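Below: the structure, in structure tokens.
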Amino acid sequence: MRLLPFSTPRLRALTLGVTAALLSLPAVAANQAPTVHVASGTLSGLHDAHSGLDEFKGIPYAAPPVGSLRWKAPQPVHAWQGVRAADHFGPRCMQRAVFSDMVFRSDGMSEDCLYLNVWAPAHTHGKKLPVLVYFYGGGFIAGDGSEPRYDGASLAQKGIVTVTVNYRLGVFGFLALPALAAESPHHATGNYGLLDQNAAMRWVKRNIAAFGGDPSKVTIGGESAGSMSVSAQMASPLSKGLMARAIGESGAVLGNLKPRPRKQAEAQGKTFEHQVGVHSLAQLRAMDASALLKATGAKDAPPFDPTIDGYFLPESPKAIYRAGKQAHIPLLVGSNSQEGYYGALLNGKAVTPANYRAAMEQRMGKHAAEALKLYPGNDAKQIEASGSALVGDQFIAFATWRWMHLQHQTGQAPVYYYYFDKARPAKRDGSAGPDWGAVHSGEIEYALGNLDGNHVFAWTDTDRNVSKTMEGYWANFIKTGNPNGDSLPHWPATAKSQGGLLRQVIGAHTHTRVDHDAPRYEFLERIAPDAHL
């Protein structure tokens, strides 16, 4: 075969034609970063050829809350020129290292932390996929959207645009002061972290279509303080219309976790101002962020958490839910089988009925006899179960139940109530065996499909099957407002049955049961002013 010289017109024309054809094809995903256009400019992300996902990390959704913007409601993000790289997580918000199970992939720590992250199936332009916006836990003092347990890739592979959000924490997110209320156009103070979440939800409403998401099909979800945040967003008039459904994993701003009255929050803020030795808001804003953060770790430092501020929360969440003023959207909510541990009740003493009774008398005071009927302890096994139940109820399960119960009563939408009971397996390094129940936060990796992102535990086939079931429920609910789907055990909406409420037990043997724990929670609510809650 005779080769034609490259300079022949015929080959030159053929070469140009092939080149033009190649240029007209979509860019090879592995070699070109995906781009999207949002209201503030163009973003360039990352493409994962293995998962088929586009990832955009460190997207600013509000202006940096620094300088004069410290302790102000989030302000609009400034537009940028050209293409902004969204290829790594932004900084985590200011926080002390208080939780050993938190693993961060963030770009350091800073007050400039109002960023979110998006995982989306590739080539979804023009599609209208359901969206999950997830808020991290951490007691409103720690956490970050970069944590591997919140990674959005697994749900995104199921056709869901997944978003994690950073919001201000501790003193930076929840300081309340009369001077802050005086300068506020709404005469409100505190709740800046919750307002950050609201701003992120508004950003999603405006921009998520660029990632293939449907702004009318947004589910907000979270765990612990993130779950409390979801209950607060549902209660706030500022967030109505920004979400279509909600997921709450262990926590609510109700019951013993209700927000502080504004006067109390402002008094605590003044106490903190005195403790750090300043005499004006200007001086407080001028303080170094690290110094402020360090001061919150003092033994006598006041708490910094949500407030009934008259704006984001015009009244108590209890009053809002009781009156049916909250968002009327489907809710998937529940808690875990070991939210607390009996050892915290016995304080190192032997597991005996006498020691248990003494501990209950100390903790419950004049209500001890009634408490012992609801949380009996006649032998070691019963003490371990009842003691753990009481500690877990008083910590977070009671508040979660109160949210479920009020939404079921007045929410005008289905509620799906769960009880997660899969204990995590032994640790890979052999340092600890499995827990007897599902500890607080232990469900996150199962629900979001992120077992492989946690290298501490030796996950088993049973764990993977439980995760497949739980993530399947979550994905179906995000898509339709109903967790049920093919190959999953049927999960009925909460309804009265046999003197209790239907509740789904999710674990190695997922099934529906009738929950009869309401008397425990009604008791705790009734005695709250007297007991050490």
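Where a number appears in this text, it was derived from the coordinates with a stated rule and is not lab data. In this text, all values refer to a predicted model and were calculated from it rather than measured experimentally. Positions of Cβ are generated from backbone atoms using ideal geometry, with glycine treated the same way; all protein chains shown enter the neighbour counts.
Using a Cα-Cα cut-off of under 27 Å, which lysines could be cross-linked to Lys205, ignoring same-chain neighbours fewer than 8 residues away?
Hits, sequence-local ones excluded: Lys57, Lys72, Lys127, Lys128, Lys158, Lys217, Lys240, Lys325, Lys479.
Given 0.36 nm per residue, what is the gain on full extension from Arg464 to His274 after removing their alpha carbon distance, in nm?
63.2 nm
Of the listed values [x] 61; [y] 58; [z] 65, identify the label whose number matches percent of Cα pairs over 28 Å apart calculated from this model.
Among [x] 61; [y] 58; [z] 65, the one calculated here is [y].
Using a 7 Å offset from the Cα along the Cα-to-Cβ direction at both Asp435 and Glu361, what is the distance between the two label points in nm, to one decimal?
A separation of 3.2 nm, rounded to one decimal place.
Just to confirm the number: angle between the C-alpha axis of helix 461-480 and the first principal axis of the chain, 0 to 90 degrees, nearest 10?
80
Which residues' amide hydrogens lie under 5 Å from the amide hydrogen of Arg84, considering only partners 5 or more residues apart or on another chain, with H built in the peptide plane?
Result for Arg84 returns Thr42, Leu43, Ser44.
Please sort by residue number the trypsin sites (Lys or Arg not before Pro) in region 296-343 whose DSSP state is loop and whose Cβ has at most 14 other Cβ atoms within 10 Å.
Lys299
When we measure straight from the Cα of Lys349, which aspartates and glutamates land under 19 angstrom away, once same-chain ones fewer than 8 places off are left out?
By straight Cα distance, Lys349 reaches Glu361, Asp379, Glu384.
Just the number, please: percent antiparallel of the DSSP beta bridges in the chain, rounded to the nearest 5. Walk me through the numbers before you get to the answer.
Working: 25 of 62 bridges.
Percent antiparallel among DSSP bridges in the chain is about 40.
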